[in-house]
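Here's the structure we're looking at; comments come further down.
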Amino acid sequence: MAALLVLVVAVWFAACEAGPPPATPPIVPGDAASPREVNLIAKDYTFVPATLDLVPGETVLLHVIDGGLDIHEAIIGDASVQEAWELAESVVDEAGPGPAPIVNVPFDVGGLRIVVRSGERVDVVWTVPAVGAGAAGAAEPFVVGCHIPGHWERGMQIPVRWVDGS
């Protein structure tokens, strides 16, 4: 009887194992007339999904949802964009319950910044860069990061995966 119980428990734990993430289904790129809808959820120092899949040059309707208790932001861009926002927001002592820090970066930094409060959703139509650091195979990858004080350090960042449109 004990052996049967051990076997049942072992099978149960094996069935609960997450396994590898599923492959990304084919993406039909959006355009200005019909943007592809993309959901990005910010919560508890993480983003869901764990990778943001984009097609270079497509237009997306990005729904950024704050499912956490803190204010968050989604900054999409390469390392120079992330560094600029991290530096700009580092002058703020800590994130409070109020609005995002009022900071700016130089105009030529580029990237995209979306600030969203707890429980809110912000929708942005955005044309993904087609060339440069955003292109597939480029030397400097894009990431999505939150630079509200302390969030980046807690790991609130995910990679952008460049995919071919079908």
Pair list, Cβ under 6 Å, 6 or more apart: region 120-131 residue closer than 14 Å to residue 35 by Cα, other residue among the acidic types (Asp, Glu) and outside any strand (DSSP E or B)
128/58
Of all residues in region 127-140 being out of contact with any helix residue (DSSP H, G or I) (no Cβ under 8 Å at 6 or more places or on another chain) and modelled with pLDDT of 90 or more, the one that is most open to solvent (accessible area, probe 1.4 Å):
127
What number of residues in region 27-60 are open to solvent by less than 40 Å² (accessible area, probe 1.4 Å), part of a strand (DSSP E or B) and either without any contact (Cβ under 8 Å) to a residue 12 or more places away in the chain or among the aliphatic types (A, V, I, L, M) (or both)?
7
Based on what the data block shows, is residue 69 open to solvent by 80 Å² or more (accessible area, probe 1.4 Å), at pLDDT 90 or above and hydrophobic (A, V, I, L, M, F, W, C)?
yes
Residue, farthest from residue 116 (Cα to Cα), within region 72-93, restricted to residues that are surrounded by fewer than 18 Cβ atoms within 10 Å (Cβ to Cβ) and polar (S, T, N, Q)
80
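The values are calculated or read from the model by the stated rules, or taken from the named source; none is laboratory data. Keep in mind that this is a model prediction, so the values were computed, not measured. Don't worry about glycine lacking a Cβ; one is built from the backbone with ideal geometry, like all the others, and counts go over all protein chains shown. Side chains are part of the model used for accessible areas, which takes the heavy atoms of the whole protein and leaves out ligands, DNA and RNA. Shrake-Rupley method; radii C 1.70, N 1.55, O 1.52, S 1.80 Å.
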